[in-house]
Amino acid sequence: MAQADLGGLVIRKFAEIPAQGFRRGLITDMESAREGLQRLLDGLALPSRGLPSEATVLISGDIDCEMVEGSAEVPRGEIDRRHIENAHRQAQLSPRRRSHTLGSQTEKIQFYPMFYILNSNENHKVISPLGMRASHLTVRGHLLLAPGTFVTNLRQLLRSVGIQYHEFHLRSFGTSHWVVTEAEKDAGVLVLETGESVMDGVIWFEGQPIRFFSFGGGWKDFVRSIADAFHIPLGVAREVLETYGELYDTGHVGVPNKIEVVAGDQPYVIPRRDLVEVLHSVARSILEDLEKTHFRDPESGHSWLDYTHAVVLNGSFLFLKGIEDLVEDLWGKQVRMPPTPPEEVLQLVREVPPGEREDFLENPGLFPLLGIALWRARERRIRPALRVATNGVGFPSRFHSWWRELLEKLKIV
């Protein structure tokens, strides 16, 4: 696990609600989504601070990614935060290709820098250029894209509940920074984050993210398959799955041969062996489709999995007994789950009320959240904290940037 250095971060409140107004990561009912988000924010309100006005949004759904680069001149020869910010801005303004998966109407949602190049010399690559000597700085990294309508609607949703600034991140990117070691990132690792109906992931190699992806498949697929296989209502199928998951989550000894639930006055009894066969069949199908559509090139036969030695799973797949063996058998990779939250995490949540604290520590979103906090703490050391207004970059930001560049050219700053 990564060593936590979160700059004094303390988590004070935790709240969660059932998702509403969303389907497979997309907003399907704006008013319903707004009501749900408002209830979530009300649950996070602090007496001394009121409702939150800034948000980090962990997203999933349809996304694409492309490699971009941007450059900035360094007139005085020493790289400071403004030069890094200018290079990042130029990278995000670079012409974008038509996305094969999203079409032409895309919006950038995040830029993940990989490394910096000094004086256009490919042999002089650094992770943190702050304070170094150079006359020209280039950044190369991943520009994360999403459908334009999705981004517009999400920003409108955030504005409607008073969120003034936001950041978008993939859940798997956050998980990577908390549960994956630097040695694993160097050797090659796939981090796979599974949710209700969408999974996303990132592949690391030689210490850098080289592939981002998002794919439909998750908890709801298992629920539907159980309902179809045993001819039971979806609500009952969900309860069967939750009961099965809880037996293993709690380390239950001697798991019964049958899963029994009662809905209304009617009892339902599902043979455990038959249930496990259905779950493994669904998981195998999802993983095979994922490899075919996102990892393997049908023409060359090349697979992004060739860069990996291990797989780290987090999210809704964790309930499935034997998922590690299934993935290892299918992909031939070592598989592991996130570790139990260590003492460092317990210290972070010491101010959270006890009831909320247990829910937070058991939540699959724990590791993405802590990983993003860790990433932001590290990034603040090498580049400015870039906050994005929910209504986009407005005139004040453009004027401020223009004014700073003019003063720099005149050597006033």
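Structural remarks
- Residue-by-residue Karplus 3J(HN,Hα) for region 34-46, coefficients 6.51, -1.76, 1.60, Hz, glycine and proline x: 5, 4, x, 5, 5, 5, 5, 5, 4, x, 9, 4, 10
- 31 Å Cα-Cα threshold exceeded, pairs from LYS220/LYS292; LYS185/LYS321; LYS108/LYS333; LYS108/LYS185; LYS108/LYS220; LYS220/LYS333: LYS108/LYS333
- The packing ranking of peptides 141-154, 226-239, highest mean first, is 141-154, 226-239, where packing means the average number of other beta carbon atoms within 10 angstrom of each residue.
- By the equivalent-ellipsoid construction on the alpha carbon gyration tensor, region 46-186 comes out with semi-axes of 29, 20, 17 Å, ordered largest to smallest.
- Rg and Dmax of region 182-339, based on Cα coordinates, read 17.2, 57 Å.
- Segment GLN156-LEU46, length gained on full extension (0.36 nm per residue, minus Cα span): 37.2 nm
- Counted residue by residue at 0.36 nm each, then reduced by the alpha carbon distance between them, the extension gain from MET30 to VAL276 reaches 84.8 nm.
- Largest first, the three principal axis extents of the alpha carbons in region 201-241 are 48, 14, 13 Å in whole numbers.
- Residues of region 147-174 with an amide N closer than 20 Å to a point placed 7 Å from the Cα of SER128 along the Cα-to-Cβ direction: 174.
- Close amide H pairs (under 5 Å, H built 1.01 Å from N) link PHE168 with VAL57, residues at least 5 positions away or on another chain.
Every read-out reported here was derived from the displayed coordinates using simple, explicitly stated rules and does not represent laboratory data. All values reported here derive from a predicted model rather than from experimental measurement. A quick note on method: Cβ atoms are made from the backbone with ideal geometry, for glycine too, and the neighbour counts reach across all protein chains shown.
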